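The values are calculated or read from the model by the stated rules, or taken from the named source; none is laboratory data. From a predicted model like this one, the values you see are computed outputs, not experimental measurements. All Cβ positions, even for glycine, are placed from backbone atoms using ideal geometry, and neighbour counts span all protein chains on display. Heavy atoms of the whole protein, side chains included, go into the accessibility calculation; ligands, DNA and RNA do not. Shrake-Rupley method; radii C 1.70, N 1.55, O 1.52, S 1.80 Å.
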Amino acid sequence: MRVYAGMDARMPLRDVSRYAARVEAMGYDGLHVAETIHDPFAVSLLAAEHTERIIIRTSVALAFVRSPLLTAYAAWDLVRFSGGRFELGLGTQIRQNIEDRYGMPWAEPVERMRDYVAALDDIYASFRSGERLHHVGPHYRLTRMQPYFNPGPDPATSPPPTWLGGVNARICQLAGEVAAGIVTHPTNSNPRYLETICRPNVAIGAARANRDPQSVAVVVGTPVITGATDAELDTERERQRRLFAFLYSTPAYRRTLELYGWEDLAGRLQSMIRADRWDDLSSVVTDEVLAALVPTALYDDLATLLLTRFGSLGSGIMLPPPPDPAHDEDAAAVVAALQHAEKPVGAR
């Protein structure tokens with residue numbers, strides 16, 4: 001199983017290089033870069049510059065807020081700069097964020113993403129060959145690429161793999177059809193979701209495209225509550241309780257709650273957060289709920305717990321580095337144990 005680190009979305013850019021080097025030193029296979037308050041390609045560039053081995057993957061860059069050509073330029077530069085270590089993860093985001101936060105138009109997301117990925121493939125082909133760009137799809141039309149604006153011809157460069165992030169059945173199917181893999185959302189990384197929605201729909205999409213489902217990687221984006229002591233577990237549990245409430249208050253992310261029969265919990269969380277009742281979250285996000293949906297264990301027991309939950313369901317997993325670097329050795333031992341476990345079903 002491959003193990004990937006995330007990073008604090010609010011980390012200042014000046015700290016990225018040191019953090020990426022720390023992740024590499026701990027033995028991780030890769031670093032995931034989210035799009036929240038920083039441009040993910042700028043962060044990826046800093047991480048790639050100060051590492052030598054690990055994969056740098058956007059998880060995820062938002063597709064619909066930028067032209068496919070702008071994304072392709074950034075991804076092409078990064079894969080060349082990193083010596084092939086950059087991978088492009090794309091996501092759709094929800095309609096309200098696309099329209100109201102980014103001021104961009106919305107369209108049906110799955111078919112739009114299909115066209116976006118196809119456009120990237122055609123752009124990369126133009127970059128490799130130096131020939132005219134031609135992509136005419138239902139959402140994107142790109143038919144102009146003068147040599148002056150083409151970074152090719154460069155047949156020696158392989159385009160970065162495209163990954164998708166997503167929650168619902170149809171985006172999982174699309175990943176099975178066109179992507180190197182899928183990274184599951186923190187709210188939808190529970191074994192019950194992986195078994196009933198994610199993996200079956202990835203297989204459906206792969207079959208539709210005559211692909212082997214085992215060739216489509218699944219990286220489990222699960223949150224984790226861990227630490228070196230019970231006191232650290234308690235502190236992290238409270239942090240995760242607040243994050244849990246924020247994430248699950250989004251209607252698009254409630255699928256896992258429905259699988260557990262907790263449909264009403266999402267509505268209650270929405271109401272509480274709208275009323276700014278953060279101090280009351282413990283009354284609805286109980287320890288029982290957290291234990292069911294968020295793996296919780298001390299470092300010594302964490303690898304066994306994660307392998308028990310996810311060992312047959314994913315080829316990779318997210319594991320956050322410790323907030324305190326004093327515990328890096330403990331976390332590195334968990335990383336190594338996960339990496340050296342028997343290869344799980346669907347591993348690449």
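Below are the figures for this structure:
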quantity: Of all residues making up segment 308-321, the number that are in contact (Cβ under 8 Å) with a residue 40 or more places away in the chain and over 13 Å from Val219 (Cα atoms); calculated: 3
quantity: Filter result for Val202 (in a helix (DSSP H, G or I), crowded, with 16+ Cβ neighbours inside 10 Å, out of contact with any Leu (no Cβ under 9 Å at 6 or more places or on another chain) and hydrophobic (A, V, I, L, M, F, W, C)); calculated: yes
quantity: Matching residues, segment 329-348, being small (Gly, Ala, Ser) and either at pLDDT 95 or above or open to solvent by 30 Å² or more (accessible area, probe 1.4 Å) (or both); calculated: Ala331, Ala332, Ala333, Ala336, Ala337
quantity: Where Ile123 falls short, out of the listed (1) farther than 22 Å from Val33 by Cα; (2) part of a loop (DSSP other than H, G, I, E, B); (3) touching a helix residue (DSSP H, G or I) at 6+ places or on another chain (Cβ under 6 Å); calculated: (2)
quantity: Subset of segment 298-315 [under 21 Å from Ala228 (Cα atoms) and open to solvent by 10 Å² or more (accessible area, probe 1.4 Å)]; calculated: Leu298, Tyr299, Asp300, Asp301, Ala303, Thr304, Leu305, Leu307, Thr308, Arg309
quantity: Lone unmet requirement of (1) part of a loop (DSSP other than H, G, I, E, B); (2) more than 25 Å from Phe86 (Cα to Cα); (3) basic (Lys, Arg) for Arg192; calculated: (1)
quantity: Strands (runs of 3 or more DSSP E) contained entirely in segment 1-64, each with at least 1 residues that are more than 18 Å from Thr162 (Cβ to Cβ) and open to solvent by less than 40 Å² (accessible area, probe 1.4 Å); calculated: 2-5
quantity: Scan of segment 134-168 for residues that are assigned to a loop (DSSP other than H, G, I, E, B), hydrophobic (A, V, I, L, M, F, W, C) and touching a residue at least 24 places away in the same chain (Cβ under 8 Å), ordered by number; calculated: Val167
quantity: Residues that are under 14 Å from Ser44 (Cβ atoms), open to solvent by 10 Å² or more (accessible area, probe 1.4 Å) and not acidic (Asp, Glu), drawn from segment 67-77; calculated: Tyr73, Ala74
quantity: Selection count where residues are free of Cβ contacts under 8 Å to residues at least 60 places away in the same chain and either in contact with a strand residue (DSSP E or B) (Cβ under 6 Å, 6 or more places away or on another chain) or among the aliphatic types (A, V, I, L, M) (or both), scope segment 62-81; calculated: 6
quantity: Residues within segment 141-177 that are among the hydrophobic types (A, V, I, L, M, F, W, C) and within 18 Å of the chain's Cα centre (by Cα), tallied; calculated: 8
quantity: Candidate set from segment 146-175 (those that are of a type in the set (Gly, Ala, Ser) and more than 26 Å from Val294 (Cα to Cα)); member that is surrounded by the fewest Cβ atoms within 10 Å (Cβ to Cβ); calculated: Ala156
quantity: Qualifying residue in segment 176-190 (condition: more than 26 Å from Val33 (Cβ to Cβ) and open to solvent by 10 Å² or more (accessible area, probe 1.4 Å)); calculated: no
quantity: Subset of segment 253-263 [surrounded by fewer than 16 Cβ atoms within 10 Å (Cβ to Cβ) and modelled with pLDDT under 90]; calculated: Glu263
quantity: Residue satisfying condition, being over 30 Å from Gln214 (Cβ atoms), open to solvent by 60 Å² or more (accessible area, probe 1.4 Å) and aliphatic (A, V, I, L, M), within set Ala326, Ala266; calculated: Ala326
quantity: Residue check for Asp280: more than 30 Å from Asp212 (Cβ to Cβ), at pLDDT below 95, assigned to a loop (DSSP other than H, G, I, E, B) and not hydroxyl-bearing (Ser, Thr, Tyr); calculated: no
quantity: Top-ranked residue in segment 122-133 [being surrounded by 15 or more Cβ atoms within 10 Å (Cβ to Cβ) and in contact (Cβ under 8 Å) with a residue 24 or more places away in the chain; ranked as farthest from Leu69 (Cα to Cα)]; calculated: Arg128
